[in-house]
Amino acid sequence: MTTEDIRIDSANGIGFIALDRPKALNALSAPMLRAISEALRAWRHDQAIRTVVVYSPHVRAFCAGGDIRFLYESAQAGDRDSIDAFFTDEYKLNHAIFTFPKPYIAVMNGVVMGGGMGISQGAHHTGGLRIVTQSTKMAMPETRIGLFPDVGVSWFLARAPGAIGRYLAATGASMGAADALYARMADAYLDDGALPGLIESLRHQRFLDGVAIVRFVENETTKYKVSPTLDRSALAEGRTLIDKHFATGNGAAILASLARETDGAAREWAERVAAELRERSPLSVDVSLQQVDRARYSSMAETLRRDLDLTRTAFERGDVIEGIRARIVDKDNQPSWKIARAEEVGVKDVERMFESAWTPATHPLRLLKD
């Protein structure tokens, strides 16, 4: 199957999904979500398909996220149903990947953000692989636009080492290949230049089963001497400070903790991180921290249902519309957050964001099971 923005086909027992919307950095549109979902639904029960590989032939980006402009325009038009439908379809796809019964391999080159994380992170749960390259720039920067790390990624953030998940959720910090490997958001490294050859080999080399395909890809990733070392990642270097300041507490508590840092280089780091947090939506920072904390004790299905509840309240009474306007539409970078400072966010403000618009029996994601 070929559409304007995505190419889907199968060869040699492998289903291939190539994201092909380079001008939008492969941002996921509603038709793209449906196309991937339909392919996975067909391949799930097709005994001829042993593995799925999702990748981008464009080095700039694997996938920069969901179609934010579409969501903004829908909100401006008062079209709540379209927003709900988009996120419902996206989260169903995220769950389908997470529970896919065959190895799913995602090559995450270039920009990998938001929805791009949603169609890649679940690969780890299938016995597949999440592969990064030297061009990888991975992040969940949603607090910058008044949203939160959705697409089920809070489940993975909650299982990152120490307080790294809370740090990434609140700040939206970008990760390179070594950082992603250290944070357990990636499994292997491949050189960008090797991707075309890998895809070509997968299309023509014979494999016994899905396990053999994964083993072959793993072997290919071990050939590259430029593979990053974890102890050189920024996250590894900052781990002690991240754990010290982000292990517990809301945004205000974290900022207060950072302000108490007085030791040389640690103080410089704390001041930089505090400045980044001050740019984010204070309400979104607290919601994001809470979502990661809750995901630690949740299934993926429960996490995605909560994601959908949060997207509804974020668009109805949160900061996301203003955040998209300021950062993406008008680009004045002067958002007027509903709660201006972290110290002014109350417990009830956060709890209200987690209220569901649906009962358990009517929830659009009620049928999801892990």
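What follows is calculated from the coordinates using simple rules that are stated; it is not laboratory data. Owing to the predicted nature of the structure, the values given are computational and were not obtained by experimental measurement. Positions of Cβ are backbone-derived with ideal geometry, glycine not excepted, and every protein chain shown enters the neighbour counts.
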With a ≥ b ≥ c from the Cα gyration tensor eigenvalues, square-rooted, and the rule rounded for a/c under 1.5, otherwise prolate when a/b > b/c and oblate otherwise, region 47-102 is oblate
With +1 on each Lys and Arg Cβ and -1 on each Asp and Glu Cβ, how big is the dipole of region 304-347 about its Cα centre, in debye rounded to the nearest 20? 140 debye
Treating region 163-209 as a set of equal point scatterers at the Cα positions, no solvent, please give the Debye-formula log₁₀ I(q)/I(0) at q = 0.22, 0.23 Å⁻¹. -0.81, -0.85
Return the inverse of the average 1/r over all pairs of distinct C-alpha atoms in the chain, which is the Kirkwood hydrodynamic radius, in Å to one decimal. 20.9 Å
Between 16, 207, 335, whose Cα lies farthest towards the positive end of the dipole of the chain when Lys and Arg beta carbons carry +1 and Asp and Glu beta carbons carry -1, centred on the Cα centre? 207
Trypsin sites (Lys or Arg not before Pro) within region 331-360: DSSP coil, no more than 12 neighbouring Cβ in 10 Å: 331, 341
Over its Cα atoms, what ratio of radius of gyration to 2.2 N^0.38 Å does region 31-125 give? 1.15
Filtered hits (lysines, Cα-Cα < 22 Å from residue 23, offset >= 8 within chain) -> 137, 331
